[in-house]
Amino acid sequence: MNDKPLPETLLPLEVDGVSFRHRGQTLLDDVSLRLGHSGKTVIMGPNGAGKSLLMRLCHGLLSPSAGSIRWADGKAASDPDVRGRQAMVFQRPVLLRRSALSNIRYPLALRGMRRQQRTQRALDALRHFGLAELADRPARVLSGGEQQRLALARAWALQPRILFLDEPTSALDPAATKAVEDAVRAFHAKGTRIVMNTHDLGQARRLADDVLFLCRGRVLEHTPAGRFFDTPSTPEAAAFIRGELVW
Amino acid sequence: MVDGNPFAKALELILGLDQVLVGIVTLSLQVSLTAVLTAALLGLPIGAAVALYRFPGRALVVTVLNALMGLPPVVAGLAVYLLLSRAGPLGSWGLLFTPTAMVIAQTMLVFPIIAALSRQVVEDLWEEYREQLQSLGASRLRAIPTLLWDARFSLLTGVLAGFGRASAEVGAVLIVGGNIDGVTRVMTTAIALETSKGNLPLALGLGIVLLFLVAMVNATAFLIGEGAKRRLG
């Protein structure tokens, strides 16, 4: 695999005064944050806080109603150079009705990679996630854990500079969850910037370098993980960590 | 005109590969298969494009496509007749009362079925795939072949339904083909004619072949759908 580091032209990500309204409801309200060059950011917060929404806005799947999302050198989210260097793993991976191997080759083809190189890169990614024997199996008949690992392998093959994960383990059993967490660490070790949503406090403690706490569409805290869990500065975050209902 | 049991005679025609019968069946298959292929090549991508793109008048297009699924074959035949008749806009092509005219008429009948189904199936699939495909970097245009391929088994059922409609209709091919012996006579028009003439063995023989073909098409559609669900999830 090509491990040559790419020149830093993507991060930091600057989110400035972003709001998102849908059908007259304000789902995100004046959100500002900065994601630096490295680390694992975990977004936490109760249901409906806007965690997935914020991630989709950063990834460029949605456009904000107000405010701006800028990558390095002021590049917009719609810039093809920016889009091509991100990947996202969803809660429920969408795999195409073709083999596991072809599922990884597909986005490489979209990026214009040559056929032979595609197959090589895809096989490497499958091997890295322990899926090499399943290369020719139809992706849709794999187990839930295998499907999520395949989605991670697909993201791996894209060699993204930043990886978004939207509650990647919420539908998985403990063994599959551990595999995902190991994968997140592997991405991080390779220098990939991690942004992840989770409901799982234990998982957040295990993985987070810094925590972004959202509640009712607003950012209440963005602090290093240690400080967030030990001395949260808002009563909402304190209640959330204690496992109480927050709304 | 005919003596003996018409059923026995009909089976004799089929099993003996009667030349007239074989000629009619062959032409029927040629016309209907060509029409279905043409309708699929046009209808699948057009239906998918309507599913993925938002444009003014889209609701009207969807409504018209759905309504045209029930287009009466005689009306389709009449429309093609008016287009191709000597005085019509395409009269100079000299296509009226040829198999090509029959292909055009049947394509008109089958296209709405395939396009409307493609629109529906691809739109549902897009709902599921949209974020993931966008995330992977696929444009809407690039997503069309991907979605059609992933919906291939549902779409095949629609294409086979289109073949069922084409091979079973009589009104359109009768009007634009003229039921000319040895030139434009297909199974359905021949059955109508031979029955009215009292030539029951040939009519029955053709009827049996037609039934058999339609049953085969339906069985194929069912088996492909079931097999795909089991193998590919």
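The values are calculated or read from the model by the stated rules, or taken from the named source; none is laboratory data. Keep in mind the model is a prediction, meaning the values are calculated, not measured. Glycine gets a Cβ as well: all are built from the backbone with ideal geometry, and neighbour counts include every protein chain shown. Accessible surface is based on the protein model in full, side chains and every heavy atom, while ligands, DNA and RNA are left aside. Shrake-Rupley method; radii C 1.70, N 1.55, O 1.52, S 1.80 Å.
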(message) Can you compute the modelled spin-label distance between A:D230 and B:F222, with each label point 7 Å from Cα toward Cβ, in nm?
(response) 7.0
(request) Describe numerically, in nm with one decimal, the distance between label points set 7 Å from Cα along Cα→Cβ at A:D73 and at B:L141. (result) 2.6
(request) Let me know the Rg and Dmax you get for the protein assembly as shown when you use only its Cα atoms, in Å. (result) 30.3, 103
(message) If you only keep lysine pairs separated by 8 or more in sequence, or across chains, how many in the protein assembly as shown come under 25 Å at the Cα atoms?
(response) 12
(request) Please tell me the relative contact order of chain B in percent, rounded to the nearest whole number, where contacts are Cα pairs under 8 Å and at least six residues apart. (result) 32
(message) I'd like the orientation of helix B:19-52 relative to chain B: the angle between its Cα long axis and the longest Cα principal axis, in ° from 0 to 90, rounded to 10.
(response) 20
(request) With springs connecting C-alpha atoms under 10 Å apart, model chain B as a Gaussian network and identify which of B:A221, B:A138, B:A35 has the largest mean-square fluctuation. (result) B:A138
(message) Could you work out [θ]222 nm for the protein assembly as shown from helices alone, using -39500 (n - 2.57) per DSSP H run of at least four and dividing by all its residues? Round to the nearest 500 deg cm²/dmol.
(response) -18500 deg cm²/dmol
(message) Show me you know the interface measure: the accessible area buried between B and A, both chains summed, probe 1.4 Å, in Å² to the nearest 100.
(response) 2000
(request) Please report how far the C-alpha centroid of segment A:60-131 lies from that of segment B:95-164, rounded to the nearest whole angstrom. (result) 27
(message) Taking each residue in A:96-104, count the Cβ atoms of any other chain within 10 Å of its Cβ, then average. What number comes out?
(response) 3
(message) Do any residues of segment A:126-157 show a loss of at least 30 square angstrom of accessible area between the isolated chain and the full protein assembly, using a 1.4 Å probe, and if so which?
(response) A:P138, A:R140, A:V141, A:R154
(message) Ignoring ligands, DNA and RNA, please state the percent of accessible area on segment A:13-241 from carbon and sulfur, probe 1.4 Å.
(response) 47
(request) Treat chain A as a sphere of radius equal to its Kirkwood radius over Cα pairs and apply Stokes-Einstein at 37 °C in a medium of 0.692 mPa s; give the translational diffusion coefficient in µm²/s, rounded to a whole number. (result) 176
(message) Suppose all protein chains stay in the model; what accessible area per residue would a 1.4 Å probe give for segment A:13-241, in Å²?
(response) 41
(message) I'd like the mean, over residues of B:134-142, of how many other protein chain beta carbons sit within 10 Å of each residue's own Cβ.
(response) 6
(message) Suppose we take every Cα in segment B:26-197 and form the convex hull; what volume per residue is that in Å³?
(response) 123
(request) Calculate, in nm to one decimal, what A:S19 and A:R115 gain on full extension: separation in residues at 0.36 nm each, minus their alpha carbon distance. (result) 30.4 nm
(request) For chain B, find the longest principal axis of its Cα atoms and tell me its angle to the long axis of helix B:58-68, 0 to 90°, nearest 10. (result) 20
